[in-house]
Structures are given as C-alpha cells and as structure tokens.
Amino acid sequence: DSQKAASGMQQKVEMNVKNVILVLSGKGGVGKSTVAVNLAMALSNKGYKTGIADADIHGPNIPKMLGIEDEKLNSYDGKHIEPVMLTGKLGVVSMAFLLPDKSSPIIWRGSMKNTAIRQFLEDVNWGDLDYLVVDLPPGTGDEALSIAQLAPNIAGAVIVTTPQEVAILDSTKSVKFIEKLGLKVLGIIENMSGLICPHCGDTIDIFGIGGGKKAADELSVPYLGRIPIDPDMRKAGDEGKPFIMRRDGTEQNKETWKHVDEV
Ligand code: ADP
C-alpha cells in the first residue's frame, strides 16, 4: 500500500536521535518556522540535546530567525558537516548556510532535495540527540516524503495552522498526508489566534479563534494550544532572537506567555 511504498523505498539513515519531530503546515506564512525555532529552543533550554534541521530548501528562514544567517557550515574531515552551534547547545543545519548569496533561489529536482536531506541527517555530526526538530516546507512535497523515508525514530508531526477556514482546510491535508505516511500527528497548534489589544487587554479576532481546535476535534488528533498574534513574536523573528528567549518581556506579554506556556 501507499504507506509501505512511501516508507519502504529507501533505507533509514543511521543516526543517534531519540525523537525526530516534524513541523509542518498546509501553507506558508502561518508561523511554522516560528514554532520550529521556539520548540527547539525550549527543548534545548530544558537540557535536552537538540538539533534543528531546516528542510525548507526553497525558503530556509531558520538561520535568520536564530540570528545566525551569516554562519557557514564547516567540515574538518571533508566528509562530515559540523552543525552551526547556537549558545553552544543547539545544533543547526540549513540550506541557507550553503547559499552563495541570500537572495539566490534554489532550482532543484526532487532527487537533489532528497540527497540534501539525506546529508542533513546522515553526514552531520549531530552527536547523540534527544530531539531533532525538522522544519519542513509548507504543503505535501518531496522534502516531507524524504524525511519520512530516511529519518529514524520519527515521534511525529506538529501541524501549525491559523484559525480561518481556508487555513484549516490546508492543515486537514497536512494531517491526512502525515497519516498516509504512517506517521503520528502529535497535534495541531493554532497560531495567530486573536490579537490581544495592548491598550485594553481585550482580544480582537483577526483571523477568528478556535478553528485549529475544531479541526483537531474533527480529525481526532490532539490540540496542542493556541498562540495569539503578538508584535513581539514578529519582532523576535526579525531580530533573530526567538520569542521564548524574551521572557523578560514582563507584563506586556502576560497573555501571550500564558498561551505559549500551555503549548
Ligand atoms: P512560515 O514558516 O509558516 O512561513 P513564519 O514562522 O516565517 O511562517 O512566520 C511568518 C511571519 O509571521 C514572520 O514574520 C513571523 O515572525 C510572524 N509571526 C509568526 N507567528 C506570529 C505571531 N503569533 N504573532 C505575530 N507574528 C507572528
């Protein structure tokens, strides 16, 4: 069946990782990379040995969000790749480190993407990892298929969506895609879920609220929580300092923190 075909075509790579977590969304711009960097940073801060692989080959934004976009990948033996280490703990690999200039598009066939992803898993000196967080491109493309086939110990996928109807439709596709690959959906995160007015504290329903929960219920997958629209979240991405490193953000982000902590 398709599940077997998808997972049986290629041998799993050998790497020492206890849990691979895929972060996926049905479409772009919903906060998938934001969730991936904050999740990886949170796991690393908790003391887990964590890596983050930016498998979004056409739009590799992870290094920018982590403030390390000028770094390059090194190799000491010409065979293995050293991940860029953030705060000495969190290993990062991304196509962005390999591009000659940041605005060059990558024009690759599926087989080349598959090779790149294999190298990100197999040829990187990750060491022993508790978690590898993989940021996938939006949709149901080659990269997700490659990871599903190649990565060992895939704990499952976190699906990021925004609350409105069209986005939910896209995330439904993501859920079905993951399930077709024989993988577990760890749950849905509803991002950009309402805007908390900084003046009065009331919530403004920009894209609505609750769509992610509704989709999770309908699809019988866990609902992991929601994250409101918060200008500091956007600022954190632009400044290359993940939101969860900004807990000093005090009273102003109290409501956002409540939700982020729940997630
Ligand atoms: P994707 O990976 O799905 O394309 P990104 O994580 O790059 O999405 O997010 C798109 C933009 O929205 C980025 O500028 C990011 O900083 C911003 N963003 C994401 N989540 C939030 C949020 N909860 N509040 C405000 N801005 C957000």
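Bear in mind that the values in this text are calculations on the coordinates, not laboratory data. Values in this document were obtained by computation on a predicted structure and should not be read as measured data. When we count neighbours, we look across all protein chains shown, and the Cβ atoms used for this are built from the backbone with ideal geometry, even at glycine.
Among the residues of the range 69-112, those identified as without any contact (Cβ under 8 Å) to a residue 12 or more places away in the chain, of a type outside the set (A, V, I, L, M) and over 30 Å from Gly47 (Cα atoms) are Gly78, Pro100, Asp101, Ser103, Ser104, Arg109, Ser111.
The numbered conditions (1) farther than 30 Å from Lys258 by Cβ; (2) among the polar types (S, T, N, Q); (3) touching a helix residue (DSSP H, G or I) at 6+ places or on another chain (Cβ under 6 Å) are all true for Thr161 except (1).
Of everything in the range 177-188 that is touching a residue at least 12 places away in the same chain (Cβ under 8 Å) and over 17 Å from the mean Cα position of the chain (by Cα), the residue that is farthest from Val30 (Cα to Cα) is Gly182. If you go through the range 204-263 and keep only what is among the acidic types (Asp, Glu) and over 29 Å from Lys184 (Cβ atoms), you end up with Asp205, Asp230, Asp232, Asp238, Glu239, Asp248, Glu251, Glu255.
Can you tell me which residues in the range 24-47 are more than 14 Å from the ligand (Cβ to nearest atom) and touching a helix residue (DSSP H, G or I) at 6+ places or on another chain (Cβ under 9 Å)?
If the condition is that a residue be more than 14 Å from the ligand (Cβ to nearest atom) and touching a helix residue (DSSP H, G or I) at 6+ places or on another chain (Cβ under 9 Å), then Ala42, Asn45 are the ones that fit.
Cβ-Cβ contacts under 8 Å between residues 6 or more apart (or on different chains), taken from a first residue in the range 212-238 that is within 13 Å of Val263 (Cβ to Cβ) to a second residue that is basic (Lys, Arg) and buried (at least 19 other Cβ atoms within 10 Å of the Cβ), are listed as Gly212/Arg226; Lys213/Arg226.
Screening Ile229 against (1) over 19 Å from the mean Cα position of the chain (by Cα); (2) closer than 26 Å to Leu169 by Cα leaves a single unmet condition, (1).
The condition of being touching a Phe, Trp or Tyr at 6+ places or on another chain (Cβ under 7 Å) and closer than 18 Å to Ile117 by Cβ holds for only one of Ala53, Ala36, that being Ala53. Test Asp56 against the stated conditions and say whether it is free of Cβ contacts under 8 Å to residues at least 24 places away in the same chain and either within 16 Å of the ligand (Cβ to nearest atom) or touching a helix residue (DSSP H, G or I) at 6+ places or on another chain (Cβ under 9 Å) (or both). When the stated conditions are applied, Asp56 does not pass them.
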